[in-house]
Amino acid sequence: MASKLSAKELLAELLEFAEELGTTPTRAQMDEREPYSSTPYYTEFGSGNTALEAAGLVTNHDNSIPKNELIRALQKLADKSDRLPRF
């Protein structure tokens with residue numbers, strides 16, 4: 001990218017891309033698109049979801065799952081598999 005785009009220009013590009021796709025673009029789709037990757041969005045907005053929200057798009061990930069629900073799900077998985085979950 002030759003020059004830094006403003007937040008407004010980045011959002012316009014994001015909306016145009018979403019319109020072409022007919023859905024909210026994923027990070028992988030953004031990284032495949034020329035001439036802009038997801039990097040300027042993360043730099044400008046701090047996260048992909050924040051950029052998507054600023055553009056008025058639906059986010060791809062739900063990062064608002066309460067910690068106690070995540071722990072409960074991991075405990076259930078550990079009980080079911082008879083070992084600790086790992087990444």
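Scanning region 14-31 for residues that are part of a helix (DSSP H, G or I), touching a helix residue (DSSP H, G or I) at 6+ places or on another chain (Cβ under 9 Å) and of a type outside the set (K, R) returns L14, F17, A18, L21, Q29, M30, D31. When we screen P40, P85 for residues that are under 20 Å from the mean Cα position of the chain (by Cα), of a type outside the set (S, T, N, Q) and surrounded by 11 or more Cβ atoms within 10 Å (Cβ to Cβ), the only hit is P40. When region 51-68 is examined, which residues are found to be part of a helix (DSSP H, G or I) and surrounded by fewer than 11 Cβ atoms within 10 Å (Cβ to Cβ)? Selection gives K67, N68. Mind checking whether some residue in region 3-11 is surrounded by 10 or more Cβ atoms within 10 Å (Cβ to Cβ), of a type in the set (D, E, K, R) and not in a helix (DSSP H, G or I)? There is at least one residue in region 3-11 that is surrounded by 10 or more Cβ atoms within 10 Å (Cβ to Cβ), of a type in the set (D, E, K, R) and not in a helix (DSSP H, G or I). Tell me, please, whether a residue that is over 10 Å from the mean Cα position of the chain (by Cα) and either touching a residue at least 24 places away in the same chain (Cβ under 8 Å) or not in a helix (DSSP H, G or I) (or both) can be found in region 69-80. Within region 69-80, none of the residues are over 10 Å from the mean Cα position of the chain (by Cα) and either touching a residue at least 24 places away in the same chain (Cβ under 8 Å) or not in a helix (DSSP H, G or I) (or both). Just so you know, in region 41-87 the residues that are of a type in the set (F, W, Y) and at pLDDT 90 or above include one that is nearest to L14 (Cα to Cα), and it is Y41. Look at region 35-64: where a residue is within 16 Å of A18 (Cα to Cα) and a partner is surrounded by fewer than 13 Cβ atoms within 10 Å (Cβ to Cβ) and of a type in the set (D, E), sitting 6+ places away or on another chain with Cβ atoms under 8 Å, you get S37/D31; S38/D31. In a residue-by-residue description of region 32-50, the property of being part of a loop (DSSP other than H, G, I, E, B) and of a type in the set (K, R) applies to at least one position.
The values are calculated or read from the model by the stated rules, or taken from the named source; none is laboratory data. All values reported here derive from a predicted model rather than from experimental measurement. Please note: Cβ atoms are built from the backbone with ideal geometry, for glycine as well, and neighbour counts cover all protein chains shown.
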